[in-house]
Amino acid sequence: MNGLDELINEVLPFKFMNMKKIFLIISAFVFAVTAMAQNSYSLDKNHARLSFSVLHFGISHIEGIFKTFDATFVSTKGDFSDAKIEMTADVNSINTEVEMRDTDLRDNWFETKKFPSLTFKSTSFKKVSGNIYKLKGNITLHGITKPVDFDVVFNGKALNPMSKKSSLGFTISGKLNRIDFGIGVKSLSSDVSYKIELKSNVEFIIN
């Protein structure tokens, strides 16, 4: 009986030690997964705007917005250097505050019955210096996908007083050539510039 007691005394601590190690490993894994999940952000639609501007007759800029859009921001690094950004906009929600022009844009330029969405998916998000970043990715518009670069300014972090959650603010800007996407006419006499300036001021709130 003494031999059995000795065996139990030797084996039990070993088992408990292994169980403790397994528990610590599982706990560390759960903590790591949770930490990564905490770096997933959703668009704060009450504090976000997706706008565009195009030169008309070479003398004035016509501006508009996409009233309906959504985006996500995911990063596991403090400097956001591995950030992944995705965005989708409802082209039918285009608004230049002139209904006749908006109808023309929806029906004849963007052909929204065939191509109702504008989408963007990032391929890289690299820090240039300070709070300046370069965002690269693929944008799909009018059924055509092209690579595009955007300049990004990180405006900082803040605690949302309503949700008590952390928020990030960015200003994103870049240019597209509408002819690359088959939008509108290609003519030297066209009254609408080929270049479209895009700008978005957004806040992302942590999930």
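What number comes out for the charge environment of Val148, summing +1 per Lys or Arg and -1 per Asp or Glu over other residues with Cβ under 12 Å away?
Details: positive: Lys121, Lys134, Lys136, Lys146, Lys175; negative: Asp149, Asp151, Asp180.
Here the count lands on +2.
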Anchor Lys114: lysines whose Cα lies under 19 Å away (excluding residues fewer than 8 positions away in-chain): Lys146
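Give Lys77/Lys157; Lys113/Lys136; Lys127/Lys175 a once-over and call out the pairs whose C-alpha atoms are over 24 Å from each other. Before the final figure, lay out each step's value.
Numbers: Lys77/Lys157 14 Å; Lys113/Lys136 28 Å; Lys127/Lys175 20 Å.
Over 24 Å Cα-Cα: Lys113/Lys136.
So how much slack lies between Asp79 and Val128, counting 0.36 nm per residue of separation and subtracting their Cα-Cα distance, in nm?
Numbers: separation 49, 0.36 × 49 = 17.64 nm, distance 1.11 nm.
Between Asp79 and Val128, full extension yields 16.5 nm more.
All of the numbers you see were taken from the coordinates with simple rules; none came from a lab. Just so we're clear, the structure is a prediction, and the values are computed from it rather than from any experiment. Every residue, glycine among them, receives a Cβ derived from its backbone with ideal geometry; neighbour counts consider all protein chains shown.
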